[in-house]
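Structure, as structure tokens:
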Amino acid sequence: MATAARRVVRRPGDEPLRTPWYAGLDPSLTKYGVVLYHPGTGAVEHTVIKTKPPAPMEAPGLRFQEIGRMLKTCFGDKVVDIVCMERAAYNASGAYTGGLVHATTAVALVEIFGGDAVAARPALVASTTLKKFATGKGNSPKQAMLLGVYKKWGFETDDDNLADAFALSRLAATLRSGSDTKYEDECVKVVLDKWQP
């Protein structure tokens, strides 16, 4: 079983093996939050992928293709260990479209990292688990998430998609490194019980 998303071959004279990044994905057809977090340096890279409805007579699948292309651009050549992605809400009004965005993401991750990589099998996280991990409470409103990620990690944003994606990236890193609090332990256990890396 691979522990990193990509294999890196090291030859004499090469720079040291790169340490992995951790990714958080908050998938949506209109505003898709992507955050890459590097615990070794504290670096954070983030973007919101925005797609527009197709023009008349244009194929609707082009939006999904654009998401796949943008994900490849976001990940670039980074070594990514674990990806956490917010799970689609059951009975949501956009459940069908959300399912298509998740499927698009799954295909893109396999293309980016290869089918045997851990990063190609994202850990799906329920919104209540994510909220509890970021704020200590599973029923926190969206505004509390914005404040929670700022107070807990110093990440400032006014975009709830990025706030969720950032918290997911930190949860991904915590799945590997271990947690600091009892409520974080509980969140990690919930995710690991359902995820098969």
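The values are calculated or read from the model by the stated rules, or taken from the named source; none is laboratory data. Quick caveat, the model's predicted, so the values are computed rather than measured. Glycine also receives a Cβ, built like all others from the backbone with ideal geometry; neighbour counts cover every protein chain displayed.
Could you check segment 119-163 and list, in sequence order, the residues that are acidic (D, E) and either closer than 20 Å to F75 by Cα or not in a helix (DSSP H, G or I) (or both)?
Those that are acidic (D, E) and either closer than 20 Å to F75 by Cα or not in a helix (DSSP H, G or I) (or both): E156, D158, D159.
Yes/no per residue for (1) more than 19 Å from W21 (Cβ to Cβ); (2) in contact with an Asp or Glu (Cβ under 8 Å, 6 or more places away or on another chain):
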site	(1), (2)
G114	no, no
A120	no, no
F133	no, yes
K137	yes, no
K151	yes, no
F155	no, no
D159	yes, no
S177	no, no
L192	yes, no
Does V190 satisfy being part of a helix (DSSP H, G or I) and within 21 Å of C74 (Cβ to Cβ)? no
Testing A95 on (1) within 12 Å of the chain's Cα centre (by Cα); (2) within 24 Å of R63 (Cβ to Cβ), one condition comes back false. Which one is that? (1)
If I82 satisfies all but one of (1) modelled with pLDDT of 90 or more; (2) of a type in the set (A, V, I, L, M, F, W, C); (3) part of a helix (DSSP H, G or I), what's the number of the condition it fails? (3)
For segment 133-148, which positions are of a type outside the set (G, A, S) and surrounded by 17 or more Cβ atoms within 10 Å (Cβ to Cβ)? F133, T135, M145, L146
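What about V110, is it under 21 Å from V191 (Cα atoms), assigned to a helix (DSSP H, G or I) and of a type outside the set (D, E)?
So V110 passes the test.
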Single residue of G98, G136, G114 found to be closer than 13 Å to S28 by Cα, in contact (Cβ under 8 Å) with a residue 40 or more places away in the chain and of a type outside the set (D, E): G98
I need a count of the residues in segment 164-194 that are in contact with a Gly (Cβ under 8 Å, 6 or more places away or on another chain) and surrounded by 22 or more Cβ atoms within 10 Å (Cβ to Cβ). 9
Pair list, Cβ under 7 Å, 6 or more apart: segment 144-173 residue without any contact (Cβ under 8 Å) to a residue 60 or more places away in the chain, other residue small (G, A, S) and outside any helix (DSSP H, G or I): G148/S140
Taking A88 as the residue in question, decide whether it is within 14 Å of the chain's Cα centre (by Cα) and either more than 16 Å from L71 (Cβ to Cβ) or without any contact (Cβ under 8 Å) to a residue 24 or more places away in the chain (or both). yes
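To keep it simple, each residue is scored yes or no on (1) of a type in the set (F, W, Y); (2) modelled with pLDDT under 95; (3) in a loop (DSSP other than H, G, I, E, B).
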residue: A4; (1), (2), (3): no, yes, yes
residue: L17; (1), (2), (3): no, yes, yes
residue: G33; (1), (2), (3): no, no, no
residue: Y37; (1), (2), (3): yes, no, no
residue: T41; (1), (2), (3): no, yes, yes
residue: P53; (1), (2), (3): no, yes, yes
